[in-house]
Amino acid sequence: MDRHRRNADLALAALAGVLLATLPAGCIVDERCREPRDCPGVKLCDLASGECVYECSQDSDCGGEGFYCEGHTCHFYCEESELGCPPDMVAVCGAFCIDVYEASRPDATSTSAGTDESQPQSVPGAIPWYSGALTPAEAATACAAAGKRLCTAQEWEAACTGVQERTYCYGDEYEPTVCNSIDAFCDEECGVYPQCHVDCPSDYKVMPTGSFPGCVSWFIAYDLSGNVWEAVQSDDGTDHFRGGAFNCGDPALAHKCGYDGLAAGSFPTARGFRCCSDGDPG
């Protein structure tokens, strides 16, 4: 019996060796990254190429006033200079202005997203302007109609992390009920906790802007984590979105300020935006 088992083991080992020898090397190990956690250290996943790359190597890679590169990572320094912003925007360290709320249509209400696409507004209590097909280019056109512009990825992230460089707009630990997440509306009998939607029914849905008072950044901008994805400006030919949405299956990851949601197929599905502007230096 032992001799037969040894012979069988040797035959299997030989067969495995033949299979490995005949397979192309690319079939054995797939080295493409698909999300940030696939990359080591401070490297980021360039989803377009599948390569792990540094965010920056010099200050100019970070773009905009107030940004600098240190340790291959973009950082933002806060100056106390005055900056005049429209009443529906807040100043971020005297460098730029960002909408207080996610963009909504002028005729949007607390129960309807509206249909008027003449220009976006930044108001509380309105269903955001979003769809499954919205692109950053369309968002940029809408912002321009309001005399604003689409935020760069660096500006958006700085507004989300605040001067403390938080992981989420509200803090460093994921809290399922602070912002609008897929976990926020889990069945009461089951309870609300991280990933409760896996175990319990969840009546998750988009919410009117500003519905979660604790979902606010250090600069007092609401819903930067959750509710709808927010398009950001980029020059790499790829659509990028930040902040996650109400229907993300892994909100602890997708709602992070630094998470980059790449538009690929039907992901992300709830695509919205907010606008930025240069403001008026005072």
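Structure values in brief
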read-out: Which numbered condition Glu155 fails, given (1) farther than 24 Å from Ala103 by Cα; (2) surrounded by 22 or more Cβ atoms within 10 Å (Cβ to Cβ); (3) touching a residue at least 24 places away in the same chain (Cβ under 8 Å); value: (1)
read-out: Residue match in the range 172-189 (condition: closer than 20 Å to Thr269 by Cβ, of a type in the set (Val, Ile, Thr), buried (at least 18 other Cβ atoms within 10 Å of the Cβ) and touching a helix residue (DSSP H, G or I) at 6+ places or on another chain (Cβ under 7 Å)); value: yes
read-out: Ser104, sole failed condition from (1) at pLDDT below 85; (2) over 14 Å from Ser277 (Cα atoms); (3) among the small types (Gly, Ala, Ser); value: (1)
read-out: Residues that are aromatic (Phe, Trp, Tyr), more than 13 Å from the chain's Cα centre (by Cα) and modelled with pLDDT of 95 or more, drawn from the range 150-190; value: Tyr170, Tyr174
read-out: Conditions (1) in a loop (DSSP other than H, G, I, E, B); (2) touching a helix residue (DSSP H, G or I) at 6+ places or on another chain (Cβ under 6 Å); number of the one not met by Val163; value: (2)
read-out: Subset of the range 203-249 [buried (at least 20 other Cβ atoms within 10 Å of the Cβ) and small (Gly, Ala, Ser)]; value: Ser217, Ala221, Ser225, Gly226, Ala231, Gly243, Gly244, Ala245
read-out: Where a residue in the range 179-205 is at positive phi and its partner, wherever it lies, is crowded, with 17+ Cβ neighbours inside 10 Å and not in a loop (DSSP other than H, G, I, E, B), with Cβ under 9 Å and at least six apart; value: Gln195/Pro251; Gln195/Ala252
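The values are calculated or read from the model by the stated rules, or taken from the named source; none is laboratory data. Predicted, not measured: the structure shown is a model, and the values here were computed from it. Glycine also receives a Cβ, built like all others from the backbone with ideal geometry; neighbour counts cover every protein chain displayed.
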